[in-house]
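The values are calculated or read from the model by the stated rules, or taken from the named source; none is laboratory data. Worth saying up front: this structure is predicted, and the values here are computed from it rather than measured. Here Cβ is always computed from backbone atoms with ideal geometry, including for glycine, and neighbour counts include all displayed protein chains. Keep in mind that these areas ignore ligands, DNA and RNA; they rest on the heavy atoms of the full protein, side chains included. Shrake-Rupley method; radii C 1.70, N 1.55, O 1.52, S 1.80 Å.
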Amino acid sequence: MTDSFRVGLLGHGTVGGAFDTLLSERADAIAAATGRRPELAGVLTRSRGSFDDILESSDAVVELIGGIEPARTYALRALEAGKPVVTANKQLLSQHGDELFAGARASGTQLRYEAAVAGVVPVIRVMRESFAGAHIEKVHGIVNGTTNYILSEMARTGASYGDSLSRAQELGYAEADPTEDVTGKDAAAKMAILARLAFQAGVTLDQVPFEGIEAITADDIDYAKELGLVLKLLGVAERRDGRVSVRVFPCFLYGGHPLASVVGPFNAVTLESPAITEVTLSGPGAGGPQTASAVLGDVVSVMTTPGMDLEATEQVELIPSDEVESAFYLHLEVADEPGVLAQIARILGDNGVSVKSVVQKGIGENARLVMVVHAVAEGRFNAAVAEIGELELLRAPPRSIRVIEEEFVS
Ligand SMILES: NC(=O)c1ccc[n+]([C@@H]2O[C@H](COP(=O)([O-])OP(=O)(O)OC[C@H]3O[C@@H](n4cnc5c(N)ncnc54)[C@H](OP(=O)(O)O)[C@@H]3O)[C@@H](O)[C@H]2O)c1
């Protein structure tokens, strides 16, 4: 008779319910492959089950409640009891990662969390296992499907941000309260988790500056098209000279960039290291069955790879935003008078900002200058924009969006 592997399931909502279904469907195949048959030891929701009973009778605990409490307490208690924990909870990992990983190490057990970042895209496994020997220098990507859908719709149809958000809500790609997604906070939590793994760094959500997409206009996307640019909400984590920068911001990419072609509610993460050059993984970023599949993959890993969690955490210095270098798109509404461009060029030059390309649109009161400037310390660029903002010839406040400068040949 096949031994059983008993899974305590905390939460039975979108992902928990899908996990329950998938576990029943796949139990025979997993038993045939591993020699142990996974089955539920119990289910906890607000209205059913007892955590103590479930913990007692489980070989591993799957946490799919979400949020901080009681998920944190349950996960810590399971780890203390030496039971492996599988979770999809980005909030918990990005805010309490240190104590959870310490708990796993203290009792020699595992904490697995593939589904917490980029849904079913196996970026955590690839970083932990396949690239364990590579020194990862940079992780960047599209880690929020809701905002990627909205930006893709704006570019495809010319619709406003508000209309594209409504469409995303109708299709179930955005929640009734989309705040965490559209402000960039959801992506920031995921980037804190990726940075911890990539750099063994104790990065937490509150150390990740994030900007969202609520202020993006159809005009920005339209003008940038003429410069060959596509807008994405990017998470970027990178090492520079022993320090680390982790941020989330809307950003223009040239059309040939591997992330530019990722459209709709999809996620994609690019890993860079001298040993691997560059690898991009992409796929569905959310959804009950997809996320449940990633969770079940972690459960099978726990069944077949016993042992303790090796993830170590060091303190690292974060690079202040002003010192990080970025290229920018700059949109200026100006009076069409002689010498306008010369004045703006002087201010940019005085601040060490050099212009890569310029498009001039319209005449008279509503002339627009749309330019891309080369990478420069953000503090210097912001100083130049503040100075330009004081000019009388300006008809509206300057608008700027970061640009990834690399122009890939596709
Ligand atoms: N949905 C996705 O596509 C997706 C994608 C990636 C990651 N995730 C992550 O997966 C996790 C679960 O998300 P979800 O969408 O499945 O959430 P959900 O649909 O809201 O389900 C949450 C479940 O947790 C239970 N629960 C809530 N508070 C509880 C408490 N105090 N004690 C016991 N049970 C409690 C709920 O019980 P009741 O049934 O009694 O309400 C419900 O069964 C979250 O961490 C989320 O970030 C979700």
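Hey, any idea what Rg/Rh is for the chain, computing Rh the Kirkwood way over Cα pairs? Please list the in-between numbers first.
Details: Rg = 23.7 Å, Rh = 22.8 Å.
Taking Rh as the inverse mean 1/r over Cα pairs, Rg/Rh reads 1.04.
Would you tell me the accessible area of Ile319, worked out with a 1.4 angstrom probe on the heavy atoms of the protein chains, in Å² to the nearest 10?
30
Pop the C-beta distance of Arg46 and Glu99 into the FRET formula with R0 = 25 Å and round what comes out to the nearest 0.05. Mind showing how you got there, number by number?
Details: r = 25 Å, r/R0 = 0.98.
That gives a FRET efficiency of 0.50.
Working from Cα positions, state the angle (0 to 90°, nearest 10) between the long axis of helix 340-350 and the longest principal axis of the chain.
Computed tilt is about 60 degrees.
If you plug each phi of segment 95-105 into the Karplus form 6.51 cos²θ - 1.76 cosθ + 1.60 with θ = phi - 60°, what whole-Hz ³J(HN,Hα) values come out, in order, with x for Gly and Pro?
Once θ is set to phi - 60°, the couplings for segment 95-105 become 10, 10, x, 4, 6, 5, 5, 5, x, 5, 5 Hz.
On full extension of the chain, what length is gained from Glu214 through Ala345, given 0.36 nm per residue of separation minus the C-alpha to C-alpha distance? Before the final figure, lay out the partial values.
Numbers: separation 131, 0.36 × 131 = 47.16 nm, distance 2.94 nm.
Length gained between Glu214 and Ala345: 44.2 nm.
In whole Å, how far is the Cα centre of segment 215-239 from that of segment 97-129?
Here the two parts' Cα centres lie 31 Å apart.
Using alpha-carbon positions, what is the distance between the centroids of segment 166-203 and segment 361-406, in Å?
Between the Cα centres of segment 166-203 and segment 361-406 lies a distance of 28 Å.
Would you mind computing, in nm to one decimal, how far apart the modelled labels at Ala335 and Glu170 are, each placed 7 Å from Cα along Cα→Cβ?
4.4
Okay, which of segment 252-272 sit inside 17 Å, backbone N to the point 7 Å along the Cα-Cβ direction of Val359?
252-257
Against the longest principal axis of the chain, how steep is helix 161-170, in degrees 0 to 90 to the nearest 10, with axes from Cα atoms?
20
So if R0 is 25 Å, what FRET efficiency would Ala106 and Ile68 give, r being the distance between their Cβ atoms, rounded to the nearest 0.05? Write out the running numbers ahead of the final one.
On the way: r = 21 Å, r/R0 = 0.82.
After rounding, the FRET efficiency stands at 0.75.
How big is the shadow of the Cα convex hull of segment 128-287, averaged over all directions, in nm²? Present the calculation step by step, with values, prior to reporting the outcome.
Numbers: hull surface 38.5 nm².
So the Cα hull casts an average projection of 9.6 nm².
Using a 1.4 angstrom probe and counting only protein chains, how large is the accessible area of Ser50 in Å², to 10?
Its accessible surface works out to 50 Å², give or take rounding.
Which aspartates and glutamates, on any chain, are close to Lys361 with Cα under 18 Å apart, when same-chain ones fewer than 8 places away are left out?
Correct list for Lys361: Asp219, Asp220, Asp222, Glu226, Glu333, Asp336, Glu337.
How much length is gained on full extension from Glu39 to Gln315, taking 0.36 nm per residue of separation minus their Cα-Cα distance? It would help to have the intermediate numbers written out before the result.
Working: separation 276, 0.36 × 276 = 99.36 nm, distance 3.96 nm.
Computed gain between Glu39 and Gln315 is 95.4 nm.
With a 1.4 Å probe and all protein chains kept in place, how do Glu378, Glu337 rank by accessible area, largest first? Please list the in-between numbers first.
On the way: Glu378 5, Glu337 100 Å².
Output order, biggest surface exposure first: Glu337, Glu378.
Rule-of-thumb check for segment 275-410: C-alpha Rg over 2.2 N^0.38 Å? Numbers along the way, then the final one.
On the way: Rg = 23.4 Å, N = 136, 2.2 N^0.38 = 14.2 Å.
So the Cα radius of gyration is 1.64 times the expected 2.2 N^0.38 Å.
In nm, to one decimal, how far is the Asp241 label point from the Ala396 one, both placed 7 Å along Cα→Cβ?
Going from the Asp241 label point to the Ala396 one covers 3.8 nm.
Which of the lysines could be linked to Lys138 by a straight reach, that is with a Cα gap under 22 Å, when you skip same-chain ones fewer than 8 residues away?
Excluding near neighbours in sequence, the set is Lys90, Lys185, Lys190, Lys232.
Pop a pseudo-label 7 angstrom from the Cα along the beta-carbon direction at both Glu323 and Glu406 and give the gap in nm to one decimal.
2.4
Compute the long axis of helix 14-34 from its Cα atoms, compare it with the longest principal axis of the Cα atoms of the chain, and write down the angle in degrees, 0 to 90, nearest 10.
The two axes meet at around 60 degrees.
In µm²/s, what is D for segment 196-349 at 4 °C and 1.567 mPa s, where D = kT/(6 pi eta Rh) by Stokes-Einstein and Rh is the Kirkwood radius from Cα pairs?
Details: Rh = 19.4 Å.
Answer from the Stokes-Einstein relation: 67 µm²/s.
Between Gly235, Gly13, Gly184, which gets the highest mean-square fluctuation from a Gaussian network model of the chain, Cα cutoff 10 Å?
Taking springs between Cα atoms under 10 Å, the residue moving most is Gly13.
Starting from segment 316-410, pick out the trypsin sites (Lys or Arg not before Pro) whose DSSP state is loop and whose Cβ has at most 14 other Cβ atoms within 10 Å. Could you put the intermediate results ahead of the total?
Details: sites: Arg346, Lys356, Lys361, Arg368, Arg380, Arg395, Arg399, Arg402; in loops: Arg395.
Taking segment 316-410 and a limit of 14 other Cβ atoms within 10 Å, the loop trypsin sites (Lys or Arg not before Pro) found are Arg395.
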